[in-house]
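Engineer: Structure incoming, see below.
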Amino acid sequence: MKLGIGCDHGAYEYKTEIVEMLQEQGHEVIDCGCYDRKSVDYPDYAEKVANLVVAGDVDLGIVMCGTGIGISMAANKIKGIRCGLCTNTTMARLTREHNDANMLALGQRTTGIEVAKDIVNTFVNTEFSYGERHQKRIKKLHDLEEC
Ligand code: RB5
């Protein structure tokens, strides 16, 4: 799978570990930064990854910040993005199955590294549950972008 990944300074260590894990598994990863602990603004990195997802340059996007909250908020401002902030693997599975999330958000300050890795693996390996009820709701989500 081809994945876009990005973070702010608050999740630089997790991004480094998760990129390494995904590459070891054979995934192609586009690393949008940031590349060290120097203070940056999370919307800039959400935008970089979201643009790859919307353009179809990657299959899925993964973004991280201290809590995952700010960077998920930013990603969800981009038309076409459905970014789910997940703190456990059930959320990761269901946001793919029910919401067809095309981006995952994680928080380095709020989620342990092993749980974070399990969340990423669950997110990447779960398919959307195609079916009328979910598709209808996702269409309604996108209709809200026009409000
Ligand atoms: C950065 O200090 C911090 O605010 C950010 O990583 C994130 O937690 C915001 O939601």
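Any read-out appearing in this document is the output of simple, stated calculations on the displayed coordinates, not a laboratory observation. Small disclaimer: the values here were computed from a predicted structure and weren't measured. Glycine also receives a Cβ, built like all others from the backbone with ideal geometry; neighbour counts cover every protein chain displayed.
Engineer: Mind listing which trypsin sites (Lys or Arg not before Pro) in region 7-52 are in a DSSP loop and have 11 or fewer other Cβ atoms within 10 Å? Walk me through the numbers on the way to the answer.
Structural biologist: Values: sites: K15, R37, K38, K48; in loops: R37, K38.
Passing sites in region 7-52 are R37, K38.
Engineer: Follow-up. Return the calculated 222 nm mean residue ellipticity for the chain, to the nearest 500 deg cm²/dmol, obtained by summing -39500 (n - 2.57) across DSSP H runs with n ≥ 4 and dividing by the residue count.
Structural biologist: -14500 deg cm²/dmol
Engineer: Do you know the relative contact order of region 10-117, to the nearest whole percent, from alpha carbon pairs under 8 angstrom that are 6+ apart?
Structural biologist: Once divided by the residue count of region 10-117, the mean separation gives 28 percent.
Engineer: So if R0 is 22 Å, what FRET efficiency would R93 and H27 give, r being the distance between their Cβ atoms, rounded to the nearest 0.05?
Structural biologist: Computed FRET efficiency for R93 and H27: 0.75.
Engineer: Mind jotting down the distance between the C-alpha centroids of region 133-147 and region 40-70, whole Å?
Structural biologist: 21 Å
Engineer: If you don't mind, there's one more thing I want to ask. For region 18-138, how many pairs of lysine residues have a Cα-Cα distance under 18 Å, where the two are 8 or more positions apart or belong to different chains?
Structural biologist: Step by step, the pairs that qualify in region 18-138 add up to 4.
Engineer: Let me ask something else. Using only the Cα atoms of region 79-147, build the gyration tensor, take square roots of its eigenvalues as a ≥ b ≥ c, and label the shape rounded, prolate or oblate: rounded if a/c is under 1.5, else prolate if a/b is larger than b/c, else oblate.
Structural biologist: Taking the square roots of the gyration eigenvalues as a ≥ b ≥ c, region 79-147 is oblate.
Engineer: What dipole magnitude, in Debye to the nearest 20, does the chain give about its Cα centre under +1 on Lys/Arg Cβ and -1 on Asp/Glu Cβ?
Structural biologist: Values: 17 positive and 22 negative charges, 109 e Å.
That gives a dipole near 520 debye.
Engineer: Pop the C-beta distance of E13 and V54 into the FRET formula with R0 = 25 Å and round what comes out to the nearest 0.05. Please list the in-between numbers first.
Structural biologist: Working: r = 28 Å, r/R0 = 1.10.
Calculated value: 0.35.
Engineer: Mind checking the angle between helix 12-24 and the chain's longest principal axis? C-alpha axes, 0 to 90 degrees, to the nearest 10.
Structural biologist: Tilt relative to the chain: about 70 degrees.
Engineer: For helix 132-144, what angle does its Cα long axis make with the longest principal axis of the chain, in degrees from 0 to 90 and rounded to 10?
Structural biologist: Its long axis makes an angle of about 70 degrees.
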